Structure formats: C-alpha cells, structure tokens
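Below is one structure, written out as structure tokens; comments come after it.
Every read-out reported here was derived from the displayed coordinates using simple, explicitly stated rules and does not represent laboratory data. Owing to the predicted nature of the structure, the values given are computational and were not obtained by experimental measurement. For neighbour counting, all protein chains shown are included, and Cβ atoms are generated from backbone atoms with ideal geometry for every residue, glycine included.
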Amino acid sequence: MSLFVLISTLLRLVVLVWAVVLWRRIHDWKPVCLFLCVILIAARDFAMMAGTATTSGDWSLEMTADLRQLPDFGLSLVMLVVVLLLDRELRSGIETGSLPKLQAATGSSRLMKTAIAVAVTAIMASAGVGWLAWNSSRQAVLNSVAHESLSISRSLANHVALKLQNSGDPAGMREKSLVELRNTWNLTEPPYEGSYLCVVESPGRLALHSKNEKMVGTDVSQVVVDPAAAQPRTVSKLLASRENLATQNTNFRGMQQLAGYTYMPSIDSLVVVHVPAKLVENNVRNAAIPWAIGLAVIAGVLIPVSVTLLHHSYTTAQGTAQTATSALGESQERFQSVCTHVPVGIFLGDRDGGCIYINEYTEEILGISPRDALGSGWTKPIHAADRDRVIQAWQAAVHDGAPFESVFRFRREDGHDTWVFGSVKAVRDDHQNITGYVGSVLDVTQLKQTEDALRRSEERYRGFVENSSQGIYLCEFDEPISIDLPEDEQARRLSSDYHFATCNDVFARMNGFESSADVIGLKACDLNPTPKDDQFSRSDAPVERVLSMIRNGYQAADQISEEFDRHGQRVVFSKNCLGVIEDGCLRRVWGTQLDVTDRVLAERAMQASEARFKSLVRAAPVCIHEIDLAGRLLSMNQTGLAMIGVEQECDIVGKLFLDAVCEQDRERIAALLDDARTGKASYFEFTSSAATGSRYFSSSFIPISSSMPILSSGGHVEKLMGISQDITERKRAESERESLIADLERKNAELEQFTYTVSHDLKSPLVTIGGFMSMLKRDLAEQNIEAAHDDIAEVSGAVVKMKQLLDQLLDLSRVGRVISPPAEVPFGELVNEALELVSTDGLRLNVAANLPVIRCDRMRMREVLQNLLENAVKFSRNQPEPCIEVGGQAVNNGHSPVLFVRDNGIGIDPHYAERVFDLFEQLDGSMEGTGIGLALCRRIVNTHGGRIWVESEGPGTGCTFFFTLGD
Amino acid sequence: MGGRPLVILLAEDNRSHTKLVLRGLQQHHIGNQIFCVSDGEQALDFLNHRGRFSDAAANPRPDLMLLDLRLPRVDGLDVLKQIKTCATLQTIPVVILTTSDAEADISQAYEFGANSYLVKPIDFDRFSEMIRELGFYWLAWNISPLSNES
C-alpha cells in the first residue's frame, strides 16, 4: 500500500470518527457533511479497488499510478482542518459555558451502541455504494482486461516474429512460429489462469489452441468477434483487414470471452488471447472481499474505540460544568429560574475556581456580560483598592478548598460602586472531591454606607472631644431637677447634685487630674477642695453664676469662672454650658471650658505694666515720643512738649519728626530713621531747626513691634519710640571747655618753646661775657690795652643785648596776660603814633588816605605797627630808594579788613615766610635785633583773633606784612 | 699730620662766640685754615660749593665741622641732617657746639648723626681747654676716612 493512500485513509478515518463525535455534541449540519464526504470517498475507493483487482495481480501498482490519490490526500487534509475547527468551537463552547449548545453527556454503554451503529452504518453504506460503483464500472473493467489480452497477444506475436526473423527458412516459418508460440505461452497466473492462446490461420482455420488440441483445424472464420459493435465483424474479415483488435464480447463456443487479436504477418495469422469474462469477474470479487472484510473489522473496532476516547476527552474538558449540569439534572430549569429571579447574586465556578456561570443579578452588580465574567473575568470589575486582596483570598480559598467570605467593592464601568458580601463554598462529590464552587454575592452598599456614616460620626465626636483644646464634660444630675422649682433651689442642686458622666483628658488636666478616667464618676464636691492661695479676687460667686445660667435658659456662654483645681491651685476658666431638659426636668449639662489663667494673669500684668509705663513716661525728665513708620509724630509727653515750647500734644501729632531737625542734620537723621524702621535702634545727636530754637538734642530711636514691647532683633516694626534730651547747655559747656583746652595747649606749647629758646638765647650773652672777661684778664696781664678795649666792648655789647632780650621777653609775656578792653580806633591814627617812635629819616613813606577804623587794644596794636615799621626800616635802609607803604585792603561782608605794611627792602625767601614769626628767629645773624619783635606781633594779632603773614617775591624784592583782626 | 693744612668749618651766628672760638683755636695753634659762616644756609652752601662758595679750591672740604644749633635761616639740626644724609658729606666729623644743654637737642643731634655734642662753658678757661682738646682729639688723634685715604 502506498504511504499516500495509507495516510489519506487514516486521515479520513479520523475525520469520520471525529465528525460522529462532534455531531453528538453539536447538532449542526457541518459534522454531517463531513461524515457524508468520508463515506462517499470510501465507496469510491471500494469500487476502484474492485476495478483494479480485475486487471492486475498487483493492483496497488495501478493505484499508485493513479493521480487521483493526490487530490484525495488534499481533500482529507481539508476535512481534518474543518474537524479541528469544529473541535475548537466545541471546546470553547464548553469553556465559556454556553450550555444550550452542549448536549448532555451520554453514558458509556449508550455511546458504545451508538459507535457500533455508526460503524455498521459506515460499512453497509460503503459496501452498498461499492457494489453499485462496481456494476457501473464493470464494462470498463472488462474492456481493460480485453485490452490487456490484446497487448499480451501482441507481445507474443512480436516476440515470436522477432525470434524467427533470422531463421531464413520461410517454408518452415509457420511450423516454427506455431511451436514457438506454443512454447512461449505460459500465462497461468490469476486472473489469467483460465485464459488460452489460439492462432487462426487464413482464411479461418484454427491452427493452434493451447488448451484444447482437438480444436485445431476447426473453422472459426464465421465467429463474430465483437457483437456489441455497430458492424459486427467476423474472424475472417478481421484476418483480411489485417487489424489488431481488443474485444470483450467474443462469444466463443458459447462463453463470453475477453479477447485480444493480433495479426501476425509472417504467418498471415491472428494470434488470439482469450480470457473468460466470468473468470475475471470472479477474480475481482475474490480479491475485494477479504479487503472489505478487513476494513469492516478495522472500522468496527477502531471507530467505537476512537469515539469512546474522544468522547472521554470532551468529558474531561467539559469537566465540572458537565458534572454540575449533570448533577443538577432535571432541576436545571428550576435552578435557572431561581437564579434569574432572586435578588442575590449567584455564580458557579468550576473546580479550578474559574467562573462558569453568573446570574442576572450578579451581572448587574458587575456591570459586565456573563460571557466576560467567565473564567477569571469576574475579578476585573473589582474595585482597584480591593482587587488584590480579594484575588489573594479567593486563590487561597481555592487552594485550601476552604469557604471564601469577603466584603469588597465592585466598580462598574459607569463608575458606580457596589459594596458586596461575597461568600463561596466548594461543591463536593461523594468522594469529597471538589467538583466546583457555588457562591453568592449580596449587595451591602446601603449597610456599608450607614455603617461608615455611623463610624465617621463616632470618630468625629471622639476626635472632637479627645483632641479639643477645650475641656469638655457631661454632668448627669443624680436626680432630674424640675424646672418648676424655685430658682434658688434649682441653683443649689445644680451646683452640687451631679456627677461627671464623661469628660476629656483636657478637662481632667485642667482640674489637676491626670486623665479623664480619674474624673468620670466624681461628684461636684470632689472637684472643689478648699482654696490654698488667694491671689485672685473672685469675679462673681458660683451661685450667682448658676443663677444667671438658669435665667439664660439653662445655658451660659463665655462665663469667666475662678476656681481651684484639685491641688488647691487657683485657675480661671472661660465656660460654656448647656442644660438638657427632658420632660420638664433638667437631666444633664454639657459643658466646655478653656483655661484662661495665663491670659487673665497676663492681662492683669499687662494692665499694671501699662500703668507703670504711662506714669513713667509722664514723669520722665526727657522727651518721650512715638513716631509712626512714615516718620510722623504720634505722641509726646509733657516734658517733651515743654522742651519745644508747645502747649498741646495735638499741635504736634501728625507732624514730621524731620521737620524739627535742622537742615544740616536732616539727611543723617533720615538715614537713622530708615535703620530704625528695619529694627535697628540708634542713638544720635542733632540740632533742632531754627523754628524750635536751634537747640542741641541727644536722642534715640527704639523700634517697637506688636509682639514684643521692645524689638531686639527681627520681627515686624510697628512704630518707633524716641527719647530725646536737651543737651544745649552741655554742648555749650563742652565747646567752651574744648576751646579752653586748645588755648591752654597752645600756650603750653608756646611756653615750652619759650623756655627752651630762652635758656639757649639767654645763655649766649653770658658765654660772651664770661669769655671776654677771661680774655680781658689775659690782655691786661699782657698790657695789651687795645685788645682790652675790644674785650670790654664785647662784654658791654653782650650786656646791652641781654637787657634788650629781657625787656622784650617781659613784654612778650605781658601780651598773653594783660589785655586792655578793645576800643574803636582809626587805623590812621595808630600809624601816625607808631611812626613817631620809628626813625624814618631818608625813607619815603606812603600811608593810605582812607584807612578803616578798627576795634583793638590801642597800645598793643601800636606796638605791632611799631615793630613792623622798624623791621621795614631796618631791612630797606640799605636800598637805593627805600620806600615804606602802609594801607588796608577793603574786604566785604563784615569781615575785618586786611591791613599791611610794605617795604622794598631785602625781601624774604618765601621758604622762610613762616619761620620769621618764631621766637628768636633771625634770618640774618648780622642784623641787630633780638628775634622777638615779629613773635610779639603775631602774639598780639592772635590775641585779637586775627592772623599775620608775610608775602615776598624772594630776596631783593621787598616784602609785605599783612594782618587782620578777627575773621 | 703731614703738610696738608687742616680745615675747620665753624658755623656760628653769634659774632662774639665766633671770636672766642677762633681765639681758642689760635691760642693752641689748632687748624691751619678756619672758615666761619653765620647761618645754616651759608654752611650748606660752603659744603656744597654753592653761591659765593662756588670756588672749590678756595673753600675746601673741612676736616672738622663745628656747628651751633640755633642758626638763622636753616637751623643747625637741619644742617646736620642734610650733611649726614648726603653721601659725599656724611663722613665729615660734625661736632655740635652750642649753649643749649636741653635733653631734646642732645638726643636729636645724636639721632641725626652728630659725632660729638659740646656745651659752651661760660668760663673761658674751660672753654679754651675744651677747644684745645677738641682740636687735638679730632684733628690729631681721630682718624677720619678721608685722612686715611690720603
């Protein structure tokens, strides 16, 4: 058998079996079609097998050559694919639980019967159809055998002709050919075992008959070779036409023969091979029967077995669904109906925990179709917050086979959440094996919401009470107090006949207890022991407070109550309370209280501090004022007002502080004010503006913040406090003292210089005198009279110099000490007086005409002029045209005039212009004089508050001494 | 002392004192050549050969300088300072010869580099003695860098 055929056949067998099983499951036309297809192909094969078996001993060779096998194989494959698709559809149907399409499983015995019936049907159908096919193809088979006979006869003839071709003996050819043909003929194998060889000589004599020698010589010329043909031919005609012929209907000796006629020219004969038709038919039948029987046996065994196996596979796949469905049995419909109508979600799971069914109610809660919910699809709508938890619990339950119970949420696609109570239990068979799960889903949203609301409310209440910074309490009266009782009676009972039913820890701590547990159950009297210290004065008595509460409709708001805590410590509470009245009786009081002890203490301290501060400000001997951030005055104490000569505070409030500052200081103070605004205190001095009397003040800015009395650092500056003190007197005294000190220092320096210089310069003549006195002694001893005279002259010169020095020094010292009151003196007069004291012979004098009147010590000023004139005369005398000029330069705006004495003498190197005024300073040692004169002048001018200086272009150009008296 | 005439520069504003010093020097035959100037400016001009002292041959560099402190125009201390800060003049021995015995003067003079500080005695014998010893010390015993070279 060829592999192709084998595979094709097996495939078709598989398809056949599968189709049957599928048809049992799916009532559909598709499996039926497949089934019919396979049957048809099988029938055709039977027919074909019968046909081929007739013509060839080895019919498989023929079949192999048959190209029809390839499309057959393809068709088988296609059918297999179709079957696979159907199988898949069925399996998915089982998985998704589309129950209506699935048929209830049959019992195995029933299945077996079915399988056998199918097998028998298949075999019968195959046989029947095969027989019909055989009948229809019988002529074709016979024809094919006839042609086979022709080809055999032809090959015999050719063989013999070829063999005898070279014998070269035409005479003996016929005999030899006949012998050869007879010898060659050996076709005895089926289906040719009944066949025989004939040779018919022209014109129609039988020359050879391999089966019956007796027949040789018989005339067969009139035998009709093909009676079925339109023009039946006889043997003689065929011989004459020298044609070959294959025929199946030669009625040779009363038997239908299948024959092949080959004309053999070499002996002018027909070589005929005859095969009896009956024999062929028998042979075919004999060959097909065992094959058909074998196939039937195989089909009869294989089909039921395969069906059973396949069926079992589906049963396994269908698993619990099938089992559950089967278990529910006839109550299926009732169950369905219940499931549809109960207001409880019901679902079924297979034994692996996958969902196989949900009812409509569940569908509504999940918001997905039953198909989407199958398998693990039902977990998708679980609220994200609950999903992991639920899936874990479910898997654990499935794993352990334990019941599953959980409260969780489903979130529909429209966003609607449903709280459910889901509970699932395993369904077990008789052997306690889990066959599936059945569960219910209960909508508990309403319940959950109520519970949540209650819990939140409870939490709020608890949180409020526990976390409140206020003390909260509830007092229950031992006996309800009728509100019809007299107020006094009510008040008495209200303040004593109760106990604390509840309170928070804050309340407990306020009253000196550690926690609420210590307070709950306490009586009113337990909370109020005897007071220990009495630093407070009570605002009002407790009874009065209770009375006011009664009158206020059994409630009180923000009552300040001073009490004693458990340790006898005085505490102050701000209280709120509300009485609960039922049936005309006061039953309990809710209350809250706030510990305001610190606040009250602070307020009182603040008030005292404020009072102290105010009296301090009022009495302070300094100006205390407040300035806002824009620099405007807000307030000022009386001392301050008096300082600036304002009577009413309102006259200065709102005015700018800077306006009270003189212009020179304003910029500096503005900067300090800015600093103060940023929180930096500053201390400074300033002069007030002319409007307020140009007085000196020492002052400070102190930033004030709202949170702290005095701002140390950071914070928000609210305003500034200023403190100012009038220090005009002190300033004046200071400046006086400073000028005094400066004066003294100057005098001291002068004195020092003076002492030093004097010690040197006064010694100088003494050295001269001493020296020349010794000299004189020596000269006299040597009788050198001339030299002695010289010595005496030196000594007397030194003495004169000494006297001059002493006189002028005295003069100088007097200048500093003695000063006559200044008087208005015309400067011209002074010049004239001075000129009288100075010999100005041979000098040209030029005194300006309109000299000013000056205010000075007349005598001293004359001394100055005298010295200056003497100086001028001394240094210009040796000039060709000595000239001395005295004048004054007019100076504007009230300054004192600049006066001068000018000469055209030897002049002064500008380098030494300052030094000439120093004591004992002489530029020219050869000139007479003591070096005190100019020092004296400077001293007098300075005493008058003026100054003196010299200007000169240099040596030989003369010089001018200028001086002023005052600025 | 070789044959070279020893040069002394005397800066003294008081003419009587000048006479006394000259007498003292002559009495002890000290110094062959004595130049007298009466103020600080002249002293500096002499040393630097300026003005009327521009003839270097006629106004030689002194071997010793006697300097009064109180001088007109340029004070003695200033003269001293200029000499001692001038590279060419600072080797000249400068002896302060003054009437002042003020502590400030003495310390300042030494600060500026004075080689010696002498106060003029009122008694001429002592004055004369001092001049003599001064002359011997500075001109005979003392070896100055200049005389060493020559």
Potential lengthening between A:GLU89 and A:ASP478 on full extension [0.36 nm per residue; Cα-Cα distance subtracted]: 131.9 nm
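Return the FRET efficiency for the residue pair A:ASP790, B:ASP55: r is the Cβ-Cβ distance, R0 is 30 Å, and the value is rounded to the nearest 0.05. Write out the running numbers ahead of the final one.
Details: r = 31 Å, r/R0 = 1.04.
Calculated transfer efficiency: 0.45.
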FRET efficiency estimate (nearest 0.05) - Cβ-Cβ, A:ILE298 to A:LEU3, R0 22 angstrom: 0.80
Dipole of the protein assembly as shown, positive end: most advanced residue of A:GLY966, A:SER609, A:SER337 [Cβ charges, Cα centre]: A:SER337
Contact order normalised by residue count of the stretch A:863-913, Cα under 8 Å, 6+ apart, percent: 38
Rg over Rh [alpha-carbon atoms, Kirkwood Rh] for the stretch A:580-631: 1.48
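How do A:CYS355, A:CYS650, A:CYS585 rank when sorted from fewest to most other Cβ atoms within 10 Å of their own Cβ?
A:CYS650, A:CYS585, A:CYS355
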Fewest-first ranking of A:SER92, A:SER682, using other Cβ atoms within 10 Å as the exposure measure: A:SER92, A:SER682
Interchain or long-range residues, amide H under 5 Å from A:GLN248's placed H: A:ALA259
Contour minus Cα-Cα distance for A:ALA140 and A:VAL543 (0.36 nm per residue): 131.3 nm
Estimated distance in nm for a label pair at A:ARG844 and A:GLU458, the labels positioned 7 Å out from Cα along Cα-to-Cβ: 13.3
Over chain B, relative contact order from alpha-carbon pairs under 8 Å, at least 6 apart, %: 24
Semi-axis lengths, Å, chain B, gyration tensor of Cα atoms, sqrt of 5 times eigenvalues: 20, 19, 16
The stretch A:731-861 - percent relative contact order, Cα under 8 Å, separation 6 or more: 21
Alpha carbon centroid spacing (whole Å) that separates the stretch A:800-878 from the stretch B:99-134: 39
Cross-link table A:LYS803/B:LYS81; A:LYS747/A:LYS803; A:LYS777/A:LYS874, entries beyond 32 Å C-alpha to C-alpha: A:LYS803/B:LYS81; A:LYS777/A:LYS874
Cα centroid of the stretch B:33-57 to Cα centroid of the stretch A:931-967, whole Å: 31
Under-5 Å amide H pairs with A:ILE932, H placed in peptide plane, nonlocal only: A:PHE920
Radius of gyration and maximum dimension Dmax of the protein assembly as shown, Cα, Å: 80.3, 235
Estimated distance in nm for a label pair at A:ILE741 and A:LYS30, the labels positioned 7 Å out from Cα along Cα-to-Cβ: 12.5
Radius, Kirkwood style, for the stretch B:38-117 when every pair of distinct Cα atoms is counted (Å): 12.7
Exposure proxy ranking, count of Cβ atoms within 10 Å, fewest first, for B:TRP141, A:TRP131, A:TRP394: B:TRP141, A:TRP131, A:TRP394
Förster radius 56 Å - calculated FRET efficiency between A:GLU752 and B:ASN32, Cβ distance, rounded to 0.05: 0.85
Rounded to whole Hz, the Karplus (6.51, -1.76, 1.60) HN-Hα couplings of the stretch A:491-500, x for glycine and proline: 4, 4, 6, 4, 8, 9, 8, 9, 9, 7
Straight-distance crosslink candidates among lysines, where the alpha carbon sits under 29 Å from A:LYS575 and sequence neighbours closer than 8 are dropped: A:LYS523, A:LYS532
Percent breakdown of C-alpha pair distances by 10 Å bin, ordered from the shortest bin, for the stretch A:821-958: 11, 43, 37, 8, 0
Cα-Cα over 18 Å, subset of B:LYS19/B:LYS120; A:LYS425/A:LYS448; A:LYS655/A:LYS719: A:LYS425/A:LYS448
Rounded Å value of the spacing that divides the Cα centres of the stretch A:453-503 and the stretch A:196-226: 146
Distant-in-sequence amide H partners of A:ARG428 (H built 1.01 Å from N, under 5 Å): A:THR435
Calculated from backbone phi, Karplus (6.51, -1.76, 1.60) coupling profile of the stretch A:257-274 in Hz, x at Gly/Pro: 10, 9, 9, x, 9, 10, 7, 10, x, 4, 10, 6, 9, 9, 8, 10, 10, 10
Approximate spin-label separation A:VAL853-A:HIS383, in nm, with each point projected 7 Å along Cα-to-Cβ: 11.7
Rounded to whole Hz, the Karplus (6.51, -1.76, 1.60) HN-Hα couplings of the stretch A:949-954, x for glycine and proline: 8, 10, 10, 8, 7, x
Whether the stretch A:426-471 is rounded, prolate or oblate, judged on the alpha carbon gyration tensor where a/c under 1.5 counts as rounded: prolate
Size of charge dipole - chain B - debye, nearest 20, with Cβ of Lys, Arg +1 and Asp, Glu -1, no other charges: 420
